[in-house]
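First up is the structure itself, then whatever we jot down about it.
The values are calculated or read from the model by the stated rules, or taken from the named source; none is laboratory data. Not measured: the values here are computed from a predicted model. We place every Cβ from the backbone using ideal geometry, glycine too, and count neighbours over all the protein chains shown. What goes into the accessible areas is simple: the full protein's heavy atoms, side chains included, and nothing from ligands, DNA or RNA. Shrake-Rupley method; radii C 1.70, N 1.55, O 1.52, S 1.80 Å.
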Amino acid sequence: MNISIRQTYAKVHRVFGVFFFLLASSNFLISQVFVSGTVTSSDHEPLVSVLVIPDVGQPVYSDKNGDFKIPVQKGKCTFVLKFLGNEDLVIEKVVNDEDVNLGKLIMTEKATLMNEVNISATTLPFKSSIAGTNYYISPLQLKKVQPISTEEVLKTLPGVNVLGDMGISNRLNVSIRGSWGRRSEKVLILEDGSPISPAPYTAPGVYYNPVSDRIDGIEVYTGPDVLRYGPNNMFGIINYITPKPSQQPALRAKITGGQRGYFTGLLSYGGTWQKVGTQVEAVYKRFDGFTQNSSVNMINLNAKVFAELAENQSILFKISGQFEDNQASLASLTPFSFNIDPTQNPLDADRFIMHRYGLDIIHKWVINPKSDLITKIFASDFYRDWWRQNNAVIQASKVREYVGNEIFSQRYAYLEGKSFGKDDYVRVGTLVNGRESTSDSKWAFNVTSLQETFKKSWEGNHINHHIEAQIKAYRETYNDQMLAADSSRWARSGRYTTDLAYDLQSISGYYRHQFDIKNWEFTPILRMEKVWMQREDRLSNAKNPDLTSADDLSRVNTYQVFQPGAAISYHWDNIKFFGSIYKGYIAPSKYFAFLVERDGVLVNPLTPEELSNIKPEKSVNLEVGLRGEILRSKLSGQMAIFNTRIRNFYLAGWNEFFDKLGVINLRGVEVALKWDVLPDESEHKFNIQPNVTFLHSKIISGELVDRHLFTQIKHTDATKQEFVDKVNSLPSAYDVYAKGSDGVIRQLTAPISVSDLDNITKTVYKFGEDGIRNGRTPYAPELAINVHLSYSFRNLGLGFTYSRVGQQYAEFANFENESGDGGIGKIKAYSTYDFNVDYDFNFHGVRCTLFGAAKNLGDQIFVASRLNRGQSGLMPGGFRQINGGINILL
C-alpha cells in the first residue's frame, strides 16, 4: 500500500514538474528577443570568433563576417565581448519588445598584441597601415579559392608573375615587377615576418614553401616599407600569415581529394583559455603530379602559443617542421615531346628529400602606453638531398639506337610509329658503357637571428610622431656538396665532386619616423647593413699541400649597404594619395659574391690572396599612386605607377651573367579594384575584382656573357638563322668567339654564317647606345590581367577567375624562335579559367563547409617557363585539375 502511494506521488510530482518547466519556458520564450551586432577592429575590419557572453543564457561566437545573434530576455542586459589580444568590451542595453541590432561594435587591441597574431579579415585588397603600394589576400578569399598552392593566389595580384615549374609550388618561382623569378631568388619571402628561404644571403632560392592549407593571409609589399626587412628588398616582400589561436576552442578537420591522386588532410586544435591561446596543426598532402614521375608527398607539423604574461607583457612561441619526399626532376620537356604528350617524363629515378624546422620566440614589453620593446629570436634548419639522373638531349630519330630496345620499350614507347624531322629532339637518360648514371645535390643550412625593435608614439606641436627602430644580429651557414654515381640511375651514394662551405654574419638596423600633420603623412626610413661572408672549398683545400694556417682556407667578402627611403601621403575623404622613393638591394649570392671587379668587369681572382670586392645589386625605386574607397565604399582599390632603375646588375639568369655590370630599367602601372555591385542590405552579394599590370623593361647598358648558348642549347635552323641575322644586322652589339681547326679560340668578324655556329664557345651581348638598344628582360610580360567574380547568397558561394599573361622572353638574348631542346624562345601569351563553389551548413551543431574547385577549366596546356634553359627545356602548365572536399569545425 505504501509503495503504491509513493509511486502515485512520484508520478504526480513529475507531471507538476514538467508543467511548471513548460510554464517557465513559455514565459521565457514569450519574453525572448534577439540582440545582434557586427564586431570589428579599430580599422573597421570584421573579427571572427569573438566570444559574446550575456549575463543570462549561453555565449555565442561571431561568424566569418564578424556578425553574431544571441537570444536574451526583455529588460536590462549586459554583454561582455572577448577576443584574444583585445580589451574586453562591455555593453549594457535595455531591450523591449523588438529585436535589437547594436550595429558595429569596435574592439580595441591591447598594447601587448603582436603583428604575428593579428590577422586582418578586411575585404579591401590592401592594408591602410602600410606605406606605399601593398596587396592583401584575406582568410575569406583563401577559403573561397581553396588553392592547391600559394602560387595560385599570388598570380592574381598586380605586379606578380608566377613562372611555371613541376610540382605544386613547393619550389616557388615568383617574379615581382620584373625581377628574375627562378626560385624567387630576388624576392624576400617571409612566414609571419621570418624568412623562409634556406639562406637568404648566400642561397636565396625558395626550396621551402608552406602548405597553402595552413596559410590564413598573404601580404605583398612593394613600397618603401620593404626597408623594414632585408636582404633582397629591391622588388618586394611576400609575407605568409599563419592562423592565430582562435578565441573559441575548436577541433578542425579538412579533407580534400581530386584528380591525379590529389589528397590533403588537415587536423588542428586550438583555442583560448584565460589569457593563453594555443594551436596545434598537422597537414599531409600528396599528389601524383601533372607529369609522369613528379609525385609529391609532404607533411607539415606546427604549433603556436600566445600568452599575456602580464598587463604589459606577452610572448609568442611558434615551432614548425616540414618534411617532403618527392619525385622531382630539374629536367623537363623538349618542344617535340611537348607536342606529342606534355605529361612525359622518362627520368623515373629522380628523388628530392628535404626537411625544414623553424622556431620563432617573440616577447613584447609595453614600457608605457606610448612605447614598447619587441625581442625576437628566429632559427631554422634546412636539409635537402636531391638525386637527379644525368640526361642528354638527342635527335628523336636516334633515341632507340641510343638507349636500346629494352629502355625504349619501357620509357620511350610513346615515340613508336612517329615520324621525325632533324629539329625534333628528345631528352633521355645519359648512357655511358650501357649504364645510366645519377648525381646528387646535397645542401644543409642553419640560420639564427636576434632582433630588438623599439616603437614609440607621441604628440607635439600638433604633429603626431610614430617611430620604429630595430637592430638585428644574424648568421647563416651553408654546406654545398655534389656527388656523382656512375653505376646506376638508382644509386644513392657516390664520390664527392663539390664540397663548399659558406659562413655569413650580418648586423643590420633601420629607423622609421612617421609624421602625421593633419591630413598629411611623411615617413622617412633608413636601413643600414654590414655583411661578412666567407667560402671554403674543402675539396680544393684537401689537395693543397701549401696551406700553412686556417687563414688560407677561405675566401672572404665584406660589404655594407646604406638604404634611405621616404614616403609622403595625403588623405582626402576616403582616398589616400601617396608617393615614395627608396633604395633597394640584392645581396651577392654564392654565384658571384667571391668574384673580383676590375674596371667594371667581373673576373675570377688571380690569386687566393686577392680579396673579393663585388658589391650588391642596387636600385632606386619610385612610385606614385592612390588607394581608398568611393561610392559609399562600394568601389575600393589601388593604383600605382612605378619605376625601378638597377645598377651593378650581374645575375641575369641560368648561365647568363653580366661580366660588365648592367643597368636595367623597369617601369609600369598596377591597378587593383573591388566593386561590390549589389546593395548592402541585399542577401545576395556580388563583387568584381579586376587586377591589371602594365610592365615595360629595358636593358640600358652592360655586357652579358653567355657561355652555353651554343655549347649546350640544341638549336634549330630557325634559331641559328635568327642569331646570325642579329649579329650581322648589328655587329657592334655582339662579340662571338669560336674554336678554329687549330684549337685556338678567336673572335669572329661579321658577317658570320650558320656554318660558323658549330664551333662557338662564347657569345657576348653589348647593350647601350652603340649596341642593343631595345633589349628586354626575361619573364617580364608587358600585360597581365586577372578578373575574379564572386557571388554569395546566404550559405552558398560561387567564384570565377580569369587570368591572362602576355608573351614574354625567356632569356636576355630575346630569341623569338624556339630551340630544339626548348631552352630558349619567346613564351606565348596564355589564359586560364578557374571556378570554385562552397556551401556552409550545420550538422547536429557541427559547422561544416563543402567546397569544390576546378583549376584551368579550359585544359589548354601551354609553355609556362624555360627556367633552367638547356638543362631542363620547357615547363608545361595549364592542366585541368578538379578537387573537392569538406571542412569540419567542432
Legend entry - Top-ranked residue in the stretch 169-179 [being assigned to a loop (DSSP other than H, G, I, E, B) and in contact with a Phe, Trp or Tyr (Cβ under 7 Å, 6 or more places away or on another chain); ranked as nearest to Thr777 (Cα to Cα)]: Ser179
Legend entry - Enumerated strands (runs of 3 or more DSSP E) restricted to the stretch 350-431, each holding at least 1 residues that are under 24 Å from Gln327 (Cα atoms) and open to solvent by less than 10 Å² (accessible area, probe 1.4 Å): 351-368, 371-389, 425-429
Inset, instruction - Mind listing whichever residues of the stretch 190-227 are in a strand (DSSP E or B) and farther than 30 Å from Ile641 by Cβ? - result: Glu191, Ser194, Ala199, Ala203
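Assess whether Val39 counts as being at pLDDT 80 or above, open to solvent by 80 Å² or more (accessible area, probe 1.4 Å) and not aromatic (Phe, Trp, Tyr).
Numbers: at pLDDT 80 or above: yes; open to solvent by 80 Å² or more (accessible area, probe 1.4 Å): no; not aromatic (Phe, Trp, Tyr): yes.
Against the criterion (at pLDDT 80 or above, open to solvent by 80 Å² or more (accessible area, probe 1.4 Å) and not aromatic (Phe, Trp, Tyr)), Val39 does not qualify.
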Inset, instruction - Could you identify the single residue in Asp840, Asp821, Asp758 that is modelled with pLDDT under 90 and not hydrophobic (A, V, I, L, M, F, W, C)? - result: Asp758
Inset, instruction - Among what's in the stretch 633-649 and is closer than 30 Å to Gly823 by Cβ and within 24 Å of the chain's Cα centre (by Cα), pick the residue that is most open to solvent (accessible area, probe 1.4 Å). - result: Arg645
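Please verify whether Thr719 is open to solvent by less than 30 Å² (accessible area, probe 1.4 Å), among the hydroxyl-bearing types (Ser, Thr, Tyr), outside any helix (DSSP H, G or I) and modelled with pLDDT of 95 or more, treating the condition exactly as stated. Break it down into steps so the answer makes sense when it comes.
Numbers: open to solvent by less than 30 Å² (accessible area, probe 1.4 Å): yes; among the hydroxyl-bearing types (Ser, Thr, Tyr): yes; outside any helix (DSSP H, G or I): no; modelled with pLDDT of 95 or more: yes.
Answer is no for this residue.
Taking Glu816 as the residue in question, decide whether it is touching an Asp or Glu at 6+ places or on another chain (Cβ under 7 Å) and open to solvent by 50 Å² or more (accessible area, probe 1.4 Å). Talk me through it step by step, then tell me what you get.
Numbers: touching an Asp or Glu at 6+ places or on another chain (Cβ under 7 Å): yes; open to solvent by 50 Å² or more (accessible area, probe 1.4 Å): yes.
In short, yes.
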Inset, instruction - Among what's in the stretch 268-296 and is among the aliphatic types (A, V, I, L, M) and modelled with pLDDT under 95, pick the residue that is surrounded by the most Cβ atoms within 10 Å (Cβ to Cβ). - result: Val296
Inset, instruction - Any residue in the stretch 458-474 that's closer than 17 Å to Val531 by Cα: show its pairings with residues that are aromatic (Phe, Trp, Tyr) at Cβ separation under 6 Å, as long as the two are six or more apart or on different chains. - result: Gln470/Tyr510
Legend entry - Selection within the stretch 198-237 - among the acidic types (Asp, Glu) and over 29 Å from Gln146 (Cα atoms): Asp225
Legend entry - Checklist (1) surrounded by 14 or more Cβ atoms within 10 Å (Cβ to Cβ); (2) modelled with pLDDT of 85 or more; (3) not basic (Lys, Arg) applied to Gly57, failing item: (2)
Inset, instruction - Kindly list the number of the only condition in (1) under 30 Å from Ser409 (Cβ atoms); (2) more than 30 Å from the chain's Cα centre (by Cα) that fails for Asp440. - result: (2)
Inset, instruction - Would you mind telling me which numbered condition in (1) out of contact with any Pro (no Cβ under 8 Å at 6 or more places or on another chain); (2) in a strand (DSSP E or B); (3) over 30 Å from Pro335 (Cβ atoms); (4) not basic (Lys, Arg) Ser441 fails? - result: (3)
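Could you go through the stretch 86-93 and let me know if any residue there is under 24 Å from Asp192 (Cβ atoms) and among the polar types (S, T, N, Q). Explain how you work it out, then say what you get.
Of the stretch 86-93, the ones under 24 Å from Asp192 (Cβ atoms) are 86-87.
Applying the additional criterion that residues be among the polar types (S, T, N, Q) yields 86.
Within the stretch 86-93, one or more residues are under 24 Å from Asp192 (Cβ atoms) and among the polar types (S, T, N, Q).
The rows are residues; the columns are (1) basic (Lys, Arg); (2) in a strand (DSSP E or B).
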site	(1), (2)
Glu521	no, yes
Arg527	yes, yes
Met533	no, yes
Asn541	no, no
Asp546	no, no
Val556	no, yes
Val561	no, yes
Ala566	no, yes
Ser569	no, yes
Inset, instruction - Pull up the stretch 743-771, narrow it to residues that are within 27 Å of Tyr809 (Cα to Cα) and touching a Lys or Arg at 6+ places or on another chain (Cβ under 7 Å), then point me to the one that is most open to solvent (accessible area, probe 1.4 Å). - result: Asn759
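Taking the residues in the stretch 819-841 that are of a type outside the set (A, V, I, L, M, F, W, C) and open to solvent by 50 Å² or more (accessible area, probe 1.4 Å) as candidates, determine which candidate is farthest from Thr763 (Cα to Cα). Walk me through it before giving the result.
Taking the stretch 819-841 first, the residues of a type outside the set (A, V, I, L, M, F, W, C) are 819-823, 825-826, 828, 830-834, 836, 838-840.
After this cut, where a residue has to be open to solvent by 50 Å² or more (accessible area, probe 1.4 Å) as well, the list is 828, 833, 839.
Values: Lys828: 26, Tyr833: 41, Tyr839: 59 Å.
Applying the filter and picking the extreme gives Tyr839.
With the condition being over 30 Å from Tyr791 (Cα atoms), I'd like the strands (runs of 3 or more DSSP E) fully within the stretch 53-142 carrying at least 1 qualifying residues.
Values: elements: 67-73, 75-82, 89-95, 100-106, 134-137.
Those strands (runs of 3 or more DSSP E) span 67-73, 75-82, 89-95.
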Legend entry - Residue that is modelled with pLDDT under 95, open to solvent by less than 10 Å² (accessible area, probe 1.4 Å) and small (Gly, Ala, Ser), where the choices are Gly167, Gly193, Gly181: Gly181
Inset, instruction - Can you tell me which residue within the stretch 575-632, out of those that are at positive phi and open to solvent by 60 Å² or more (accessible area, probe 1.4 Å), is modelled with the highest pLDDT? - result: Leu631
Inset, instruction - Say whether the condition of being in contact (Cβ under 8 Å) with a residue 60 or more places away in the chain, among the β-branched types (Val, Ile, Thr) and either open to solvent by 20 Å² or more (accessible area, probe 1.4 Å) or more than 21 Å from Gly159 (Cα to Cα) (or both) is met by at least one residue in the stretch 240-255. - result: yes
Inset, instruction - Would you mind stating whether Ser488 is open to solvent by less than 50 Å² (accessible area, probe 1.4 Å) and either closer than 30 Å to Ser329 by Cβ or not in a strand (DSSP E or B) (or both)? - result: yes
Inset, instruction - Within the stretch 299-324, work out how many residues are over 25 Å from Thr112 (Cα atoms) and open to solvent by less than 10 Å² (accessible area, probe 1.4 Å). - result: 4
Legend entry - Residue among Tyr510, Tyr502, Tyr478, Tyr496 that alone is over 32 Å from the mean Cα position of the chain (by Cα), in contact (Cβ under 8 Å) with a residue 40 or more places away in the chain, closer than 28 Å to Ala587 by Cβ and in a strand (DSSP E or B): Tyr496
